[in-house]
Amino acid sequence: MRAALVPVDDATPLAPVPCALVVGNFDGVHRGHQAVLQQAVAEARADGLAPRVLTFDPHPAAVVGTGAPPLLTTLERRAELMGALGVDRVYVRRFDTAFAAWAPERFARDLVAGALHARVVVVGENFRFGARRAGDLGLLRGLGADLGYDVRVSAVASDERGPFSSTRARDAVAAGDLDEACRVLGRPHALSGVVARGDDRGRTIGFPTANLEGVAEMLPPDGVYAVRVDRGDGPLGPGVTNIGVRPTVGGSRRTIETHLLDFAGDLYGAPLRLHLSARLRGEHKFPSLDALKAQIARDVAAARGKL
């Protein structure tokens with residue numbers, strides 16, 4: 001079940017439901033995030049509180065930093081993943097220059113304790129808050145003593161390679177290291193969008209493709225990938241995805257095209273999600289369409305082997 005996404009601003013009245021609140025960006029909802037969320041849900045249930053999350057849009061770095069990092073998961077996907085962990089509501093506070101200037105005391109008083117009625121606040125060990133990240137755990141605890149919430153700290157989750165983090169996941173996706181990305185995220189990195197009509201060139205050579213547009217998540221390097229595909233209402237099966245400019249046919253615009261191995265039907269306008277399971281090869285220019293067709297057949301066989 002997906003958690004409800006609830007916009008929060010200075011003028012939005014919210015039902016006074018006491019909650020256990022987790023605060024953060026949660027891009028990727030990786031294994032470190034999952035540990036914090038699972039702790040918060042368990043403590044909410046033990047204390048008779050609603051399990052809830054406060055996050056921000058756009059990413060704070062887009063407003064007060066050097067620019068937002070590439071996106072691992074959309075807000076909707078984060079709500080889906082958090083809902084599967086037991087979170088029932090995700091509060092989304094618009095992050096703008098006015099909000100960025102809030103002092104830590106105002107953040108805790110007006111938003112955390114006031115608007116969101118937090119009675120327990122669960123954060124990671126390195127949590128900072130307020131203008132210029134001036135607030136730390138000590139201040140959060142001190143404010144909680146006056147405002148009526150208890151602060152509980154979740155230890156940083158890690159493996160032999162170090163802490164799980166969104167940066168580590170992004171570095172893995174950027175390098176095309178899908179095994180490492182999966183290790184950090186706890187699942188394959190995924191791309192989501194809507195199927196749009198292409199030039200039907202794949203159909204003419206015997207490998208029809210679904211052309212995905214509107215993808216917000218960061219892309220791995222151009223190449224060919226073994227994927228699992230779902231449509232939101234259920235899986236569609238395995239596939240082979242080409243990400244790139246299609247140099248063999250003189251393409252110049254980057255496209256995301258997926259040939260589904262065990263599906264036949266019209267998908268135009270359908271939302272699809274591609275779970276990137278394995279990188280098969282880089283994108284190459286072939287001397288002819290026949291050579292490309294032969295390589296795609298080999299890609300299909302390789303994808304079946306991987307999946």
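Would you mind stating whether Gly244 is buried (at least 17 other Cβ atoms within 10 Å of the Cβ) and out of contact with any strand residue (DSSP E or B) (no Cβ under 6 Å at 6 or more places or on another chain)? So Gly244 passes the test. Given the criteria in contact (Cβ under 8 Å) with a residue 24 or more places away in the chain and of a type outside the set (Val, Ile, Thr), does Pro235 qualify? The answer is no for Pro235.
Within the range 222-262, the set of residues being in contact with a Ser or Thr (Cβ under 7 Å, 6 or more places away or on another chain) and either more than 19 Å from His189 (Cα to Cα) or among the charged types (D, E, K, R) (or both) comprises Arg228, Val245, Arg246, Glu257. Of the strands (runs of 3 or more DSSP E) contained entirely in the range 1-112, those carrying at least 1 residues that are free of Cβ contacts under 8 Å to residues at least 60 places away in the same chain and surrounded by 15 or more Cβ atoms within 10 Å (Cβ to Cβ) fall at 50-57. Residue under question is Ala226, and the condition is that it be more than 29 Å from Ala42 (Cβ to Cβ), outside the structural domain of Phe263 (by TED's automatic domain parsing) and either touching a residue at least 12 places away in the same chain (Cβ under 8 Å) or not aromatic (Phe, Trp, Tyr) (or both); does it hold? So Ala226 fails the test. Which members of the range 113-136 meet the condition of being within 25 Å of the chain's Cα centre (by Cα) and assigned to a helix (DSSP H, G or I)? Scanning the range 113-136 gives a single hit, Arg133.
Filtering Gly202, Gly232 for residues that are outside any loop (DSSP other than H, G, I, E, B), over 25 Å from Asp179 (Cβ atoms) and modelled with pLDDT under 90 leaves a single hit, Gly202. Of Val194, Val227, Val245, Val249, all but one fail to be hydrophobic (A, V, I, L, M, F, W, C), at pLDDT 95 or above and out of contact with any Pro (no Cβ under 6 Å at 6 or more places or on another chain); the exception is Val227. The set of residues in the range 153-182 being surrounded by 13 or more Cβ atoms within 10 Å (Cβ to Cβ) and in a strand (DSSP E or B) consists of Val153, Ser154, Ser158, Pro163.
Only one entry of Arg45, Arg2 meets the criterion of being within 25 Å of Gly186 (Cβ to Cβ) and under 20 Å from the mean Cα position of the chain (by Cα), and that entry is Arg2. When restricted to residues that are farther than 23 Å from Thr97 by Cα and buried (at least 19 other Cβ atoms within 10 Å of the Cβ), the range 120-140 contains 5. Within the range 244-278, being under 28 Å from Arg183 (Cβ atoms), without any contact (Cβ under 8 Å) to a residue 60 or more places away in the chain and of a type in the set (Lys, Arg) holds for one residue alone: Arg254. Is it true that Pro188 is in a loop (DSSP other than H, G, I, E, B), crowded, with 16+ Cβ neighbours inside 10 Å and at pLDDT below 95? So Pro188 fails the test.
The values are calculated or read from the model by the stated rules, or taken from the named source; none is laboratory data. Here the structure is a predicted model, which means the values were calculated and not measured. In this analysis, Cβ positions are derived from the backbone assuming ideal geometry, glycine residues included, and neighbour counts consider all displayed protein chains.
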